[in-house]
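The structure under discussion appears below in the form of structure tokens.
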Amino acid sequence: MSNVTVIGTQWGDEGKGKIVDWLASRADIVVRFQGGHNAGHTLVVGDQVYKLSLLPSGLVRGKIGVIGNGVVVDPKALMTEIDRVTAQGLVVTPETLWIAENAPLILPVHGALDRAREAARGDHKIGTTGRGIGPAYEDKVARRAIRICDLAEPETLDWKLDELLLHHNTLLAGLGAETFTKDQLKDFLTEITPRLLAFSCQVWDRLDEARRAGRRILFEGAQAVMLDVDHGTYPFVTSSNTVAAVAASGSGVSPSSVGFVLGIAKAYTTRVGEGPFPTELHDQTGRTLGERGHEFGTVTGRPRRCGWFDAVLIRRAVRVGGVSGIALTKLDVLDGLDEISICVGYELDGRKIETFPSAPGAQARVKPVYETMPGWKETTAGARSWAELPAQAIKYVRRIEELIEAPVTLLSTSPERDDTILMRDPFED
């Protein structure tokens with residue numbers, strides 16, 4: 001029996017929600033280990049649609065949900081989300097939701113600074129959601145973050161707020177934005193403290209007890225490898241590490257606890273916001289993929305940019321993300337296309353390269369080198385076995401496996417939870 005870690009291998013929005021929901025039904029505990037409320041999962045359960053940003057997906061299946069220390073927590077957003085899903089019939093209590101007491105908080109000042117800096121960037125916008133995630137992570141590494149455990153110590157909170165405001169108000173004033181008073185932040189924290197502290201605990205001890213008891217743990221990543229602050233398309237990335245290794249440090253477990261790493265990839269590629277995207281399509285095919293795939297951001301509602309499958313990027317994600325196998329989603333979106341292209345390399349300044357460069361200028365200049373395959377006219381939507389797939393669709397999947405150097409262990413053929421073809425059970429690896 002193994003634990004499972006799920007990460008995205010592209011730029012997020014790969015359909016992790018459905019896969020995590022499918023796996024969560026067989027897990028005991030589901031852990032969020034990085035990111036903030038800038039990432040989202042959409043889960044369809046019967047006639048209910050759940051949109052989650054901070055809450056672990058396992059709560060939808062009645063499992064224990066954990067928010068680890070690697071997550072930055074906006075307490076107001078969290079409580080709003082808890083209230084929303086509670087109204088939909090979910091049970092969210094301190095028994096079913098554990099939040100690491102050392103998780104950093106996102107305060108109103110973080111969102112204000114995030115938005116002010118993005119506005120000041122002009123033509124060099126990063127594409128941030130403006131929700132304060134980046135500034136909150138900056139405070140964490142600068143050792144001035146307000147953490148959940150600080151809420152129980154008024155004297156600690158008092159001097160920490162002084163230090164935090166000294167930094168942030170200086171920046172806000174320099175950007176011509178409104179500054180904050182200590183009383184404003186104190187009032188904000190006073191309102192949410194009793195409710196938030198009720199969920200707070202030493203998560204790492206509870207997870208260790210669960211491991212010793214042989215309980216199955218599912219680690220749920222947010223965003224994706226190409227948004228990783230080290231390995232992604234920097235600076236157009238998120239502010240945390242998104243690779244599977246962070247499941248351990250972001251929740252307080254040993255590296256060996258990460259288990260089988262399942263990377264999620266769409267059968268094509270999408271991206272929300274700014275940044276390089278070598279296979280982006282600006283033609284009718286790109287628009288068709290967006291329309292068929294309902295490509296709008298779960299959190300932002302922004303239309304996603306669409307393009308062909310980039311095998312070079314995912315091969316990189318497999319290597320740096322420690323991916324054991326791929327869950328390929330939205331294969332049905334490609335149904336009916338005459339031809340389908342796969343990016344197998346790039347051209348940079350007149351020479352061919354087989355890896356994605358790290359420098360922003362080079363990333364913006366690379367041109368995709370395509371391999372084109374015939375499409376298929378039959379439908380793959382709802383298929384639950386290989387026998388139901390068109391022969392050309394199977395050839396497409398097999399070619400992807402060869403190019404990314406990892407097996408496709410799970411194939412998703414619709415948003416419905418049971419429309420899934422399983423080649424290898426991650427929990428039994």
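Cα extents for region 238-362 along the principal axes, largest to smallest and rounded to whole angstrom: 48, 36, 26.
Using the Cβ of Gly290 as centre and a radius below 13 Å, the other residues enclosed give a net charge of +3, where K and R count +1 and D and E count -1.
In nm, what is the difference between 0.36 nm times the number of residues separating Met423 and Glu155 and their Cα-Cα distance? Please list the in-between numbers first.
Numbers: separation 268, 0.36 × 268 = 96.48 nm, distance 5.55 nm.
Here the answer is 90.9 nm.
Exposure check, 1.4 Å probe, all protein chains in place: Cys149 carries approximately 40 Å² of accessible surface.
In terms of overall dimensions, region 208-292 has a Cα radius of gyration and Dmax of 16.9, 54 angstrom. Distance between the modelled labels on Ala359 and Glu280, one decimal in nanometres: 2.1 nm (7 Å Cα→Cβ projection).
Taking every alpha-carbon pair in region 61-140 and binning the separations at 10 Å intervals from zero gives 17, 39, 28, 13, 3 percent. Atom-type composition of the exposed protein surface of the chain places 50 percent of the accessible area on carbon and sulfur (1.4 angstrom probe).
Give me the extension gain from Glu209 to Arg287: residue separation times 0.36 nm, minus the current Cα-Cα distance, reported in nm with one decimal.
On the way: separation 78, 0.36 × 78 = 28.08 nm, distance 4.94 nm.
Length gained, Glu209 through Arg287: 23.1 nm.
If R0 is taken as 41 Å, the Cβ-Cβ distance between Ala119 and Thr86 corresponds to a FRET efficiency of 0.70.
With +1 on the Cβ of every Lys and Arg and -1 on the Cβ of every Asp and Glu, and nothing else charged, how large is the dipole of region 294-429 about its Cα centre, in debye rounded to the nearest 20?
Values: 18 positive and 21 negative charges, 127 e Å.
For region 294-429, the charge dipole is close to 600 debye.
For region 93-225, what's the relative contact order in percent, using C-alpha pairs closer than 8 Å and at least 6 residues apart? Over region 93-225, the number comes to 32 percent.
Summing Cβ point charges (Lys, Arg +1; Asp, Glu -1) relative to the Cα centre of the chain gives a dipole of roughly 360 debye. Rolled with a 1.4 Å probe across the full set of protein chains, the surface gives Ser324 an accessible area near 40 Å². Our note on the geometry: Cα centres of region 378-429 and region 200-236, 26 Å apart.
Looking only at the chain, where both bridge partners belong to it, what percent of the DSSP beta bridges are antiparallel (to the nearest 5)? Present the calculation step by step, with values, prior to reporting the outcome.
On the way: 25 of 58 bridges.
If we restrict to bridges inside the chain, about 45 percent are antiparallel.
With every protein chain present, what is the per residue accessible area of the chain (1.4 Å probe, Å²)? Don't skip to the end; give the middle numbers.
On the way: 17110 Å² over 429 residues.
I get 40 Å² per residue for this part.
Looking at the chain, what % of the alpha carbon pairs are farther apart than 37 Å? Write out the running numbers ahead of the final one.
Working: 21491 of 91806 pairs.
Tail fraction, whole percent: 23.
Solvent-accessible area of Lys395, all protein chains in place: 120 Å² (probe radius 1.4 Å, heavy atoms, ligands and nucleic acids excluded). The lysines whose alpha-carbon is closer than 21 Å to the alpha-carbon of Lys160, local same-chain residues fewer than 8 away aside, are Lys76, Lys140, Lys182, Lys186. Over every Cα atom in region 147-206, the radius of gyration and the widest Cα-Cα span, Dmax, amount to 14.1, 46 Å. DSSP beta bridges fully contained in region 1-114 are about 35 percent antiparallel.
What is the mean projected area of the alpha carbon convex hull for region 375-429, to one decimal in square nanometres? Walk me through the numbers before you get to the answer.
Details: hull surface 17.3 nm².
Projected area, direction-averaged: 4.3 nm².
At a threshold of 8 angstrom on Cα-Cα distance, excluding pairs fewer than six apart, so keeping six or more, what relative contact order does region 135-182 reach in percent? Numbers along the way, then the final one.
On the way: 24 pairs, mean separation 13.2, N = 48.
For region 135-182, the relative contact order is 28 percent.
On full extension, the segment bounded by Thr190 and Val141 gains 15.2 nm, given 0.36 nm per residue less the C-alpha separation.
Per residue of the chain, what 222 nm ellipticity follows from adding -39500 (n - 2.57) for every DSSP H run with n ≥ 4, rounded to the nearest 500?
Values: 12 runs with 137 residues, N = 429.
The helix-only estimate for the chain comes to -10000 deg cm²/dmol at 222 nm.
The values are calculated or read from the model by the stated rules, or taken from the named source; none is laboratory data. A quick note: this is a predicted structure, and the numbers were derived from the prediction, not measured. Because the Cβ atoms are built from the backbone with ideal geometry, glycine has one as well, and the counts that use them run over all protein chains shown. Just the protein is used for accessible areas: all its heavy atoms, side chains included, with ligands, DNA and RNA removed. Shrake-Rupley method; radii C 1.70, N 1.55, O 1.52, S 1.80 Å.
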